[in-house]
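Below is one structure, written out as C-alpha cells; comments come after it.
The values are calculated or read from the model by the stated rules, or taken from the named source; none is laboratory data. Note that the structure is a prediction, hence the values are computed from the model and not measured. Reconstructed Cβ throughout: ideal geometry from the backbone, glycine too, with neighbour counts over all protein chains shown. Please note that ligands, DNA and RNA were not included when accessible areas were found on the heavy atoms of the full protein model with its side chains. Shrake-Rupley method; radii C 1.70, N 1.55, O 1.52, S 1.80 Å.
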Amino acid sequence: MSFTFIRNFILPFVTAKFEFKMATTRFYSKRLTSKPGISNSKLVAGSESSIGASGPEVRVFTRKKRVKKEVQIPTEELKTEPVELKFCRLPEIEEFAYGKSSGSAQSMEPPGNWEEVLEGIRKMRSSDDAPVDSMGCEKAGNTLPPKERRFAVLVSSLLSSQTKDAVTNGAIQRLLQNGLLTADAIVDADEATIKSLIYPVGFYSRKASNLKKIANICLMKYEGDIPSSLEDLLSLPGIGPKMAHLVMNVGWNNVQGICVDTHVHRICNRLGWVSRPGTKQKTSTPEETRESLQLWLPKEEWVPINPLLVGFGQMVCTPLRPRCGMCEINTLCPSAFKEMTSPKSKKRNPSPIKKT
C-alpha cells in the first residue's frame, strides 16, 4: 500500500476521529512557536510534524485545570439580646391535684330551667329508696358521739372511693363491731387485720395503709379528732376534694363547697349544667364540675344536691343505659334517650357438639 494512499484516504479519517474524541473532554488549544535548534516533533508527539507536515506553529492540546473559586458569603453579626430568665414557682401538690383557683371570682349564668329540673328530681327521689339514703357516708357512725362520728365519716369517705355504698357500709360495720373505728384503736391494730375487715372495698390494701397513716396523724396532731379545715383534710393521704367537702359539711357543719362524686359529675353534664371555663364543652373531672356548678348554684343547695343527685344516679340516671323512659324530666334533659341503647354484642357461633 503506497504512502500516498495512506495520507490521502486513511489519515484524514483517523485524524478527524481523534480530534472528535478530544473535543468531548475539557481541553483548550495553544499555539507554540518552534525555537531554533529544536524540532517540532520533539516538542509534541502526535503533532502535524510527526506525520510529515511541517510549519512554524504547532497546535498543542492540554487539559484545563479547574480552579476552585472561594465564594465569600457576607456574614452579619448576630445581635444577641439579653434574655431575661423568668423563674416560675412550682405549684403546690394541692394546687396541682385539686386545681385551686387563684384568680378573681367568676360568674356564670344558670341554666334556664334548672329549678324545674331540680324539682322534678326531688319528686322522683321522694321515696328515699336509693342506697345512698341508708348507707351513704354521711350515715356512718350516726349513733356515736360527735368526735367519734366525725372520725367514722372520715373513714367512710376514704373507703367509699371506687366502691359501692353497700360495700362501704359493710366495711364500716365490721370495723365498728371489732372496735376499730377510732384513731387510737386503728393505730394499735395490725394492718393485715384492717385489710381483712375492709375487704372487698376497692383498693383495700392501699386504703388500709392510708387509714393507718390518717389515724396516726389524727392522734398526734388533733388528739384523736379530725382536721377542722379543708386544707388540712386535703393534706391527709388518700383524701380528695369530694371527701373533704363531705366531711366538712357533715362533720363540722361548715359548707365550703359542693361534694361532687361520679354520679353528680355525670348527671350535671347530661343536664348541661356545667361546662369548661369559656367553652361549651363538658367538664372532664368531678373537680371541674364542682367549680363550674358553684358558679351559679345557690349556696343553700350545695349540701342537699349531693345525696339528691347520687340517689337519682343510682336509681334512674344510671351510668350505663339510663332509664330515660321512666324519668319525669326527660323532656327537659338535652341528653334524654341518647345513651339508652347498649352496644350490639357479637353473636358467638355455637361450639360444635362432639360425637361420642
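Failed condition for Leu308, given (1) open to solvent by less than 10 Å² (accessible area, probe 1.4 Å); (2) assigned to a helix (DSSP H, G or I); (3) in contact with a Lys or Arg (Cβ under 8 Å, 6 or more places away or on another chain), with all others met?
(1)
Over 30 Å from the mean Cα position of the chain (by Cα), under 30 Å from Met135 (Cα atoms) and modelled with pLDDT of 95 or more: does that describe Ile305?
Numbers: over 30 Å from the mean Cα position of the chain (by Cα): no; under 30 Å from Met135 (Cα atoms): yes; modelled with pLDDT of 95 or more: yes.
Considered against the rule, which asks whether it is over 30 Å from the mean Cα position of the chain (by Cα), under 30 Å from Met135 (Cα atoms) and modelled with pLDDT of 95 or more, Ile305 comes out as no.
Read through the list (1) under 20 Å from the mean Cα position of the chain (by Cα); (2) within 26 Å of Ser127 (Cα to Cα), then give the number of the only condition that Glu287 fails.
(2)
Run Ala336 past the list (1) within 15 Å of Glu115 (Cβ to Cβ); (2) in a loop (DSSP other than H, G, I, E, B) and report the number of the one that doesn't hold.
Of the numbered conditions (1) within 15 Å of Glu115 (Cβ to Cβ); (2) in a loop (DSSP other than H, G, I, E, B), the odd one out for Ala336 is (1).
Say we look at segment 168-196 and pick out the residues that are in contact with a Gly (Cβ under 7 Å, 6 or more places away or on another chain) and part of a helix (DSSP H, G or I); which of these is most open to solvent (accessible area, probe 1.4 Å)?
By that ranking, first place goes to Asp184.
Criterion first (within 21 Å of Glu288 (Cα to Cα) and of a type in the set (Lys, Arg)) does Lys195 satisfy it? Quick ask: steps written out before the conclusion?
Details: within 21 Å of Glu288 (Cα to Cα): no; of a type in the set (Lys, Arg): yes.
It is false that Lys195 is within 21 Å of Glu288 (Cα to Cα) and of a type in the set (Lys, Arg).
Criterion first (open to solvent by 30 Å² or more (accessible area, probe 1.4 Å), farther than 29 Å from Asn253 by Cα and at pLDDT 95 or above) does Tyr199 satisfy it?
Details: open to solvent by 30 Å² or more (accessible area, probe 1.4 Å): yes; farther than 29 Å from Asn253 by Cα: yes; at pLDDT 95 or above: yes.
When the stated conditions are applied, Tyr199 passes them.
Within segment 322-331, can one find any residue that is open to solvent by 60 Å² or more (accessible area, probe 1.4 Å), of a type in the set (S, T, N, Q), assigned to a loop (DSSP other than H, G, I, E, B) and modelled with pLDDT under 90?
No, the conditions are met nowhere in segment 322-331.
Restricting attention to helices (runs of 4 or more DSSP H) lying wholly within segment 53-167, give those where 1 or more residues are open to solvent by 100 Å² or more (accessible area, probe 1.4 Å) and either over 26 Å from Arg206 (Cα atoms) or modelled with pLDDT of 55 or more (or both).
Correct list: 114-124.
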